[in-house]
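Everything below concerns the one structure shown next.
Quick note: the coordinates plus some simple rules give every number you see, no bench work behind them. Please read all numbers here as calculations on a predicted model, not as lab measurements. With ideal geometry, Cβ positions are generated from the backbone for all residues, glycine too; neighbour counts draw on all protein chains shown.
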Amino acid sequence: MDSLSLLALPLVVAAVLAAVWFLVQYPRLGYLLLALAAPVSHFLEVGGGPQGDVSLKLVHLVALGVILGILLRMPGRGSLQFNRMVAPHVAILTGLMFWAWATGGFGGTKFLITQLGSLALFVIVFWIYGRAESIERWLICFAGSLGVANALVMAGIVLAPTHARSLFFSAGSEGVRLQGTFESANQLASPQILAVAIYLYFALHGRGWIRWLSLGGAILSFAVVLGTQSRSAIGALFIVLALLVLIFLRESRRAMGPALIGTLVATLFVVAYLNLPKEVLGFELARVDSKKVELYDVSVSDIARERFWIFGPVLATLANNPLGLGYSFHAEVLWEEQGTFRQPHNSILKTMLTYGIVGGVYVNLLYYLPPLWILWLAWRRRLSLSSMAVFLAAGMLAYLAYGLFHSATQWIYVWLIWGLSVRLAQLDLLRARAAA
């Protein structure tokens, strides 16, 4: 270890201790800091260790402080009464996480810790949020922070394209893909799906400048996803709009206007995606054929060639390992042709590879049933479109659809928005019962 590292280490330790102390004193503020850290959570990290193999992201430090703060200031038992249905599932999930750690030969300890931390943050949502307004403030911070980051990235591309190429794009032999402040284009695209659902809610139900900023945020997110050229994210955003349009039409005839506007936006977005030019603002896009201004690899046969053939080795691996591979391999499967391990590119299959067939089915049901339950309540008019839970559920379901072609369910903010959507639905149902 050099002298500079020796000098910096006490400063880093002192800063970490000070930050944890602050978050212990103000745990709810820590949740807002988690929301604000969303755009930078993937690249702000400190590292070290003998081989440089120990790293800790900023979001992990904030989450640690939040969890400690809540544990030291445990809310009363009364706030847990309505959520007794949550407790058994949390216990089972915890058991499955340790099972995956054990079946993987006790490897993947870092991944186990991050999963347990995400689960703890999910549980804390039901302890500290007793009012929908508090949850809406968190969502405003999350979507607002992501919107500011998107705006800065777009401004950098326009004003300083040379520097932007190295900062905000991933380059390949065929061209570039926008990755913004994230580690990859797909990681940038995935939070936009959740953020668009939030933007749409405030664009329809917000007041004054919040409505217009939300509309601008949605437009920026659409532009960012176009820049990432992520086919799955494009499909997911279309699903968000389609689900909300269907529920709007079910709600009343007065919702016909927003429904038609949503249909038009979805159609224009897909048309724009399918007709991206090869070159935009001097950047050659990676997934656009140079011979024609039409995006390739979007037909059913192309998608089958790119993804479906992967699922065969995955299913074979699962058949040979019905109890799961655990965390040590991060649910990767052996690619016999190349002799390497590869991701299954499907969150359902990856979850089953991690936790086994029985455990994987259970975890997948926990992912899919809550948003489906919320949308069913909205369809049956037990939840109105003024409920933020409906929009979050549409975003979650679209995100899970995105995960059918990516292993995309481990992001910490997915756990948070998953919990917040359920908590909002609970609060709205309680309010409706009290008013009845």
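Among 113, 247, the order by Cβ neighbours within 10 angstrom, fewest to most, reads 113, 247. Coupling constants for region 197-214 follow from the phi torsions by the Karplus curve (6.51 cos²θ - 1.76 cosθ + 1.60, θ = phi - 60°), and in residue order they are 4, 5, 4, 5, 4, 6, 5, 8, 10, x, 10, x, 5, 5, 4, 6, 5, 5 Hz; glycine and proline get x.
3J(HN,Hα) along region 125-140: 3, 6, 8, 9, 9, x, 9, 5, 4, 5, 5, 4, 5, 4, 5, 5 Hz, from the Karplus curve 6.51 cos²θ - 1.76 cosθ + 1.60 with θ = phi - 60°, whole Hz, x for Gly and Pro. Annotation: the residues 226, 241, sorted from fewest to most other C-beta atoms within 10 Å of their own C-beta, follow the order 226, 241.
The residues 163, 89, when put in order of fewest to most other Cβ atoms within 10 Å, stand as 163, 89. In order along region 105-121, phi translates into HN-Hα couplings of x, 6, x, x, 4, 4, 5, 4, 4, 5, 5, 5, x, 5, 5, 4, 5 Hz, rounded to whole numbers, per the Karplus curve 6.51 cos²θ - 1.76 cosθ + 1.60 with θ = phi - 60° and x for Gly and Pro.
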